[in-house]
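See structure below.
The values are calculated or read from the model by the stated rules, or taken from the named source; none is laboratory data. Being a predicted model, the structure only gives us computed values, none of them experimental. Don't worry about glycine lacking a Cβ; one is built from the backbone with ideal geometry, like all the others, and counts go over all protein chains shown. For accessibility, only protein heavy atoms count, side chains too; no ligands or nucleic acids. Shrake-Rupley method; radii C 1.70, N 1.55, O 1.52, S 1.80 Å.
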Amino acid sequence: DAGITQSPRHKVTETGTPVTLRCHQTENHRYMYWYRQDPGHGLRLIHYSYGVKDTDKGEVSDGYSVSRSKTEDFLLTLESATSSQTSVYFCAISDLAGQGPLSGNTIYFGEGSWLTVV
Amino acid sequence: SQQGEEDPQALSIQEGENATMNCSYKTSINNLQWYRQNSGRGLVHLILIRSNEREKHSGRLRVTLDTSKKSSSLLITASRAADTASYFCAASNSGNTPLVFGKGTRLSVIA
């Protein structure tokens, strides 16, 4: 298994409170991602990072911010949690394999963080 | 970014039967990947097929890619109860573009 640790694994929080989820990797992979998974929607990309301090938005970035100050850590912050952010959050990592048009980017996932906003 | 769309949404078969899942995508790709997710766990990479390949095997898995139809299929032969999971495809047109996943196919293998 890829060395990816998510914390906390389970959290219940109240609406309006800030929440930070942490993803820690030991693989020294360049790319890190945060996805959320909800019934009927599958996996949706929130934010991703392509290097230290380099991040970009995904499909569902509103209400979320991220930071990556070290290669191994990627933090996802909900500044003011809402009930619609109740979800399972997955961190993932990848690195480029190969060069040019035949390169591949196999993704390795963490075990997930279950967040409930009440 | 690309998005793969899996079909069917759900599939229920008897142990020992073959299971076939399909994936469609919209534009040109460099590669297409299949992932598996057991209930309550993260996704696990199964197989990657590149745009210049037509078929690839890994154990009981067989993946085909038809770039003219923009489609791929995942065949699991001689299925087992342990194959019960959700299966996702993700198409990529660049090595540094985040993968976008569909909603997956939920496979139930009944013993």
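Points to keep in mind about this one:
- Heavy-atom accessible area per residue - the range B:5-110, 1.4 Å, Å²: 45 Å²
- For chain A, the Kirkwood hydrodynamic radius from C-alpha pairs, put into Stokes-Einstein at 4 °C and a viscosity of 1.567 mPa s, yields a diffusion coefficient of 90 µm² per second.
- 3J(HN,Hα) from dihedral phi, the range B:84-92, Karplus parametrisation 6.51/-1.76/1.60, rounded to Hz, x for glycine, proline: 4, 4, 9, 10, 10, 10, 8, 9, 10
- Note on the protein assembly as shown: Kirkwood hydrodynamic radius from all Cα pairs is 18.1 Å, rounded to one decimal.
- Here the accessible area is traced with a 1.4 Å probe on the protein chains. For the range A:4-117, carbon and sulfur cover 49 percent of it.
- Residue-averaged beta-carbon neighbours from other chains (10 angstrom radius) around A:22-30: 0
- Portion, in percent, of the accessible area of chain B that falls on carbon or sulfur, probe 1.4 Å: 43 percent
- Computed over chain A: relative contact order in percent, which uses C-alpha pairs under 8 Å that are six or more apart: 33 percent
- Fraction in percent of alpha-carbon pairs per bin - 5 Å, the range B:1-76: 3, 14, 26, 26, 19, 8, 3, 0
- With viscosity 1.306 mPa s and temperature 10 °C, the Kirkwood radius over alpha carbon pairs of the range B:42-111 converts through Stokes-Einstein to a diffusion coefficient of 118 µm²/s.
- Those residues of the range B:41-83 for which accessible area with every protein chain present is at least 40 Å² below the isolated value (1.4 Å probe): B:Arg41, B:Gly42, B:Leu43, B:Arg50
- Mean separation of Cα contacts under 8 Å (6+ apart) over length of chain B, as relative contact order %: 40 percent
- On association of chains A and B, roughly 1900 Å² of accessible area becomes buried (total for both chains; probe 1.4 Å).
- Spatially proximal aspartates and glutamates relative to B:Lys103 (Cα-Cα < 19 Å; intrachain offsets below 8 disregarded): A:Asp38, A:Glu59, A:Glu111, B:Glu5, B:Glu6, B:Asp7, B:Asp83
- Only Lys, Arg, Asp and Glu carry charge here, each on its Cβ (+1 for the first two, -1 for the last two); on that basis the range B:1-87 has a dipole of about 260 debye about its Cα centre.
- Accessible surface, 1.4 Å probe, highest first, among residues A:Tyr35, A:Tyr64: A:Tyr64, A:Tyr35
- Of the trypsin sites (Lys or Arg not before Pro) found in the range B:51-111, those that fall in a DSSP loop while having at most 15 other beta-carbon atoms within 10 Å are B:Arg54, B:Arg60, B:Lys69, B:Arg80.
- Considering only the protein assembly as shown, percent of DSSP beta bridges that pair antiparallel, nearest 5: 90 percent
- Applying a threshold of 30 Å to the alpha-carbon distances of A:Lys70/B:Lys70; A:Lys11/A:Lys53; A:Lys57/B:Lys56; A:Lys70/B:Lys26; A:Lys57/B:Lys26 flags A:Lys70/B:Lys70; A:Lys57/B:Lys56; A:Lys70/B:Lys26 as lying beyond it.
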